[in-house]
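Each reported figure results from applying straightforward, stated rules to the coordinates on display, with no laboratory input. These numbers were taken from a predicted model, which means no experiment stands behind them. Using ideal geometry, Cβ is built from the backbone for each residue, glycine included, and neighbour counts are taken over all protein chains shown.
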Amino acid sequence: MARLAGPDALALIPTAPERQRNRDSDFPYRHDSYFYYLTGFAEPHAWLALTGDGRSRLFCQPKDMEREIWDGIRLGPEAAPAALGVDEAYSVDELDARLPALLENRSAVFYPFATHEGLAARVEGWLQKVRARVRYGALAPAAQHDACALLDEMRLVKDAHELDLMRRASVISARAHVRAMQRSAAMLRAGQDVREYHLEAELLHEFRQSGAQFPAYGSIVAAGANACVLHYRASDAPIRDGELVLIDAGCELDGYASDITRTFPANGRFTGPQRALYELVLASQQAAIDATRAGARFTDPHEATVRVLTQGLLDLGLLDKNRHGGVDDAIASRAYFRYYMHRTGHWLGMDVHDCGSYVEPSEVGQASERRDPLSNEVIVSRPSRILRPGMVLTIEPGLYVRPGDDVPREFWNTGIRIEDDAVVSATGCELLTRGVPVAASEIEALMRDQPRHDAA
């Protein structure tokens, strides 16, 4: 509220709507992250109004015995102030009646732009009612601002409570990955038919039995060539002895996400070519980790990763030195992009791809242009974000090798990604997700162990 444009400004934040899955059935409800960040309130059909003078008003579902029999207990407006710390609370049925009066004589109104379908039109409807009273001396807000601009900056740096939740989510997700790795090897040793969904089931089991409410995103369990599809979803493809399996999965705990990727041999033993590519990706991740610290730029880990990967691709013969030259030439021409086509990380928090600008706010005007050597497009570049303690980002290099006449056959259909979650500190970063190993030898040792649960 202190960041609003004066004491007479108003911010309006709605939560997410319920979404119908099919006839008479909704998707499991998940709150809006901005709304939950400000309230800790997870019920649907709720709005928060904040004013620059320090007053908070919640609109929520009223108590209704009949609906509560079907849908569960509601907090209700009467209990909301004591439970949530808001100054006032009203039935959401009163929203349309009360909002014009709340907006009247305000200098500015803040709400999240382009996040809730129909929200801007609804605000305009309330403002029309304010403007209809101008002959009586009413003033309408002269400015409308994107509330996301304020909230994104607040959410980008995590406090101790948020980091505690993210550490706990990371522990749960790491255990889930361990279960999946061990299940894969145990089923193959037993001669059983192993499918991607068997490993997905291990992930979901560990998430829920450990108290996490949801997967933070759709789990990726990709066997063999499927790992070369970046956003592949766990399906029913068989997992074969001798293949690699890529799992990208994490849970959401009390509104905060974790995000882990591991790649492992389905039977627990890397082949020579698999290990060579894996060790290259792991070395590139370590270079990125070493570059992640307060004062560095967000792009520094990516640039460190690209240099290690590109040199390794040249050394392994996946990039032809006669065609692409040395590492600097291959980076300048983006020759590596054929095998590594995504960035090395993203912000992490309440959303798995969390909010927050990737451009340094104090340097946003320092734009430069360059021409992309692959697409020939003109790209506008701005100085990358300077990392600060408490920021959380993923570090996730990868290599994805599809068949090709100029590609060594031993690497065909190999997809590898290694991802950990990192909290920026003054001297480096804290990795939250190393409860599941990354070293090839440690993965093999883990998968030789019998799982702690029945593999049948």
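General observations
- Loop chymotrypsin sites (Phe, Trp or Tyr not before Pro), the range 33-127, which have at most 14 other Cβ atoms in a 10 Å radius of their Cβ (DSSP): Phe113
- Estimated from the Cβ-Cβ distance and a Förster radius of 45 angstrom, the FRET efficiency linking Ile69 and Ala121 is about 0.85.
- Integer Hz, Karplus 6.51/-1.76/1.60 couplings in order for the range 80-91, x for Gly and Pro: 4, x, 5, 6, 10, x, 6, 6, 9, 8, 9, 5
- Potential lengthening between Arg240 and His353 on full extension [0.36 nm per residue; Cα-Cα distance subtracted]: 37.5 nm
- Cleavage-rule hits, chymotrypsin sites (Phe, Trp or Tyr not before Pro), the range 294-368, DSSP coil, Cβ neighbours within 10 Å at most 16: Tyr358
- The H on the amide N of Ser56, modeled in the peptide plane, is under 5 Å from the matching H of Asp87, Glu88, each at least 5 residues off or on a different chain.
- Net lengthening on full extension, Leu150/Asp328 (0.36 nm per residue, minus Cα-Cα): 60.1 nm
- In the range 6-81, trypsin sites (Lys or Arg not before Pro) in a DSSP loop with at most 12 other beta-carbon atoms within 10 Å: Arg19, Arg23
- Across the range 10-152, the volume of the C-alpha convex hull divided among the residues equals 127 Å³ per residue.
- Computed from Cα atoms, the angle from the helix 147-156 axis to the main principal axis of the chain rounds to 50 degrees.
- Kirkwood radius, the chain, all distinct C-alpha pairs, inverse of mean reciprocal distance: 24.7 Å.
- Charge-dipole axis of the chain as Lys and Arg at +1 and Asp and Glu at -1 on Cβ define it, positive-most pick from Cys228, Cys355, Leu374: Leu374
- Cα long-axis angle, helix 119-131 against the chain (0 to 90 degrees, to the nearest 10): 20 degrees
- Nearest-ten-degree value, helix 160-189 long axis tilted from longest Cα axis of the chain: 40 degrees
- Summing +1 for each Lys or Arg and -1 for each Asp or Glu among the other residues whose beta-carbon sits under 15 angstrom from that of Ala304 gives -2.
- Karplus 3J(HN,Hα) series, Hz, for the range 133-145 with 6.51 cos²θ - 1.76 cosθ + 1.60 (x for Gly, Pro): 9, 4, 5, 9, x, 6, 10, 9, x, 7, 9, 10, 10
- In the chain, the calculated helix contribution to ellipticity at 222 nm averages -10000 deg cm²/dmol per residue, counting -39,500 (n - 2.57) for every DSSP H run with n ≥ 4.
- Per-selection Kirkwood Rh - the range 277-337 (Cα, Å, 1 d.p.): 11.8 Å
- Separation between Cα centres of the range 29-74 and the range 188-214, rounded to whole Å: 34 Å
- With a Förster radius of 60 Å applied to the beta-carbon distance between Arg98 and Glu410, the computed FRET efficiency rounds to 0.30.
- Pairs of alpha carbons in the range 314-456 whose separation is greater than 28 Å (percent): 42 percent
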